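Undergrad: After the structure tokens below, expect a handful of questions from me.
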Amino acid sequence: QQQVKQSPQSLIVQKGGIPIINCAYENTAFDYFPWYQQFPGKGPALLIAIRPDVSEKKEGRFTISFNKSAKQFSLHIMDSQPGDSATYFCAASAGTYKYIFGTGTRLKVLA
Amino acid sequence: GAVVSQHPSWVICKSGTSVKIECRSLDFQATTMFWYRQFPKQSLMLMATSNEGSKATYEQGVEKDKFLINHASLTLSTLTVTSAHPEDSSFYICSAGLAGLNEQFFGPGTRLTVL
């Protein structure tokens with residue numbers, strides 16, 4: 001129940017494409033869903049986060065779609081660039097802000 | 001704002017020695033700090049949660065006597081890996097949180113290599 005399932009494990013897109021990364025959860029107590037970007041040898045950096053009371057949130061080229069009934073949320077990266085090549089992690093927390101992380105998606109954007 | 005630093009950024013030590021990693025919140029007072037461990041190409045695994053002035057809460061399977069956490073102030077937490085062994089080699093990342101906010105602010109990580 002504490003797991004957050006993330007897919008796909010890896011993803012390759014052409015420059016300008018729209019990679020989509022999906023996450024699913026079981027615990028209905030989760031009320032905060034952030035996405036993090038991590039480059040090799042670096043700590044994770046917050047990209048965008050959403051709460052269950054909204055179905056979509058956009059910040060720059062990054063969009064989160066949230067489906068509360070399906071207990072799923074996804075990250076869309078518009079007009080992807082080679083510089084977006086990184087590992088992306090979804091996470092979920094329930095009030096106490098102890099995060100449960102997904103398994104990660106390694107994204108490669110081809111020039 | 002909300003910058004978290006870690007020191008050192010990398011460390012190499014001999015088996016059997018102890019290593020201390022510092023995590024500092026530079027521009028805010030962190031009510032809670034978290035310590036994660038990340039193996040290559042894997043996700044972040046929460047090791048422990050620490051609140052200033054109280055004992056850390058360790059996740060299941062994490063040896064509290066091996067991974068000593070001290071959170072002496074609202075801006076500093078330390079992780080000491082005692083009697084390190086090669087299997088302790090990993091990327092250790094801390095994060096800091098503010099009361100009332102869900103967001104955690106992550107440090108840049110510390111690469112530990114035990115020979």
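Undergrad: Can you name the residue in segment B:59-71 that is part of a strand (DSSP E or B) and under 20 Å from B:ASP88 (Cβ atoms) and, of all such residues, is nearest to the other protein chains (Cβ to nearest Cβ)?
TA: B:ILE69
Undergrad: Can you name every residue in segment B:29-77 that is in contact with a His (Cβ under 8 Å, 6 or more places away or on another chain) and either surrounded by fewer than 18 Cβ atoms within 10 Å (Cβ to Cβ) or of a type outside the set (A, V, I, L, M, F, W, C) (or both)?
TA: B:SER50, B:ASN51, B:GLU52, B:GLY53, B:SER54, B:SER77
Undergrad: Condition first: closer than 28 Å to A:ASP31 by Cβ and over 14 Å from the mean Cα position of the chain (by Cα). Now tell me which residues in segment B:61-101 satisfy that.
TA: If the condition is that a residue be closer than 28 Å to A:ASP31 by Cβ and over 14 Å from the mean Cα position of the chain (by Cα), then B:GLY61, B:LEU74, B:LEU98, B:ALA99, B:GLY100, B:LEU101 are the ones that fit.
Undergrad: Next question. Report those strands (runs of 3 or more DSSP E) wholly inside segment B:1-58 carrying at least 1 residues which are within 11 Å of the chain's Cα centre (by Cα).
TA: Per the criteria, B:4-7, B:19-25, B:32-38, B:44-51.
Undergrad: For the structure I just gave you, tell me whether B:PRO8 is exposed (fewer than 15 other Cβ atoms within 10 Å of the Cβ), modelled with pLDDT of 90 or more, more than 30 Å from A:GLN9 (Cα to Cα) and more than 11 Å from every other protein chain (Cβ to nearest Cβ).
TA: Judged against the criteria, B:PRO8 is a match.
Undergrad: Right, here's the next one. Please state which of the following conditions B:LEU112 fails to meet, knowing it meets all the rest: (1) in contact with a helix residue (DSSP H, G or I) (Cβ under 8 Å, 6 or more places away or on another chain); (2) within 11 Å of chain A (Cβ to nearest Cβ).
TA: It is condition (2) that B:LEU112 fails.
Undergrad: Within the group B:ASP27, B:ASP88, which residue is under 26 Å from A:GLY102 (Cβ atoms) and more than 13 Å from chain A (Cβ to nearest Cβ)?
TA: Exactly one residue qualifies, and that residue is B:ASP88.
Undergrad: Now for a different question. Condition (residue is more than 9 Å from every other protein chain (Cβ to nearest Cβ), touching a residue at least 60 places away in the same chain (Cβ under 8 Å) and over 30 Å from B:ARG111 (Cα atoms)) applied to segment A:68-76: is it met by at least one residue?
TA: No: segment A:68-76 contains no residue that is more than 9 Å from every other protein chain (Cβ to nearest Cβ), touching a residue at least 60 places away in the same chain (Cβ under 8 Å) and over 30 Å from B:ARG111 (Cα atoms).
Undergrad: So B:CYS94 fits all but one of (1) surrounded by fewer than 18 Cβ atoms within 10 Å (Cβ to Cβ); (2) assigned to a strand (DSSP E or B); what number is the exception?
TA: (1)
Undergrad: Could you list, in sequence order, all residues of segment A:18-65 that are under 11 Å from A:ALA92 (Cβ atoms), more than 9 Å from the chain's Cα centre (by Cα) and part of a strand (DSSP E or B)?
TA: The answer is A:ALA24, A:TYR25, A:TYR32, A:ILE50.
Undergrad: What do you reckon, is A:ALA92 away from chain B (no Cβ under 12 Å) and small (Gly, Ala, Ser)?
TA: Considered against the rule, which asks whether it is away from chain B (no Cβ under 12 Å) and small (Gly, Ala, Ser), A:ALA92 comes out as no.
The values are calculated or read from the model by the stated rules, or taken from the named source; none is laboratory data. Predicted, not measured: the structure shown is a model, and the values here were computed from it. Heads up, the Cβs are rebuilt from the backbone with ideal geometry, glycines too, and the neighbour counts pull from every protein chain shown.
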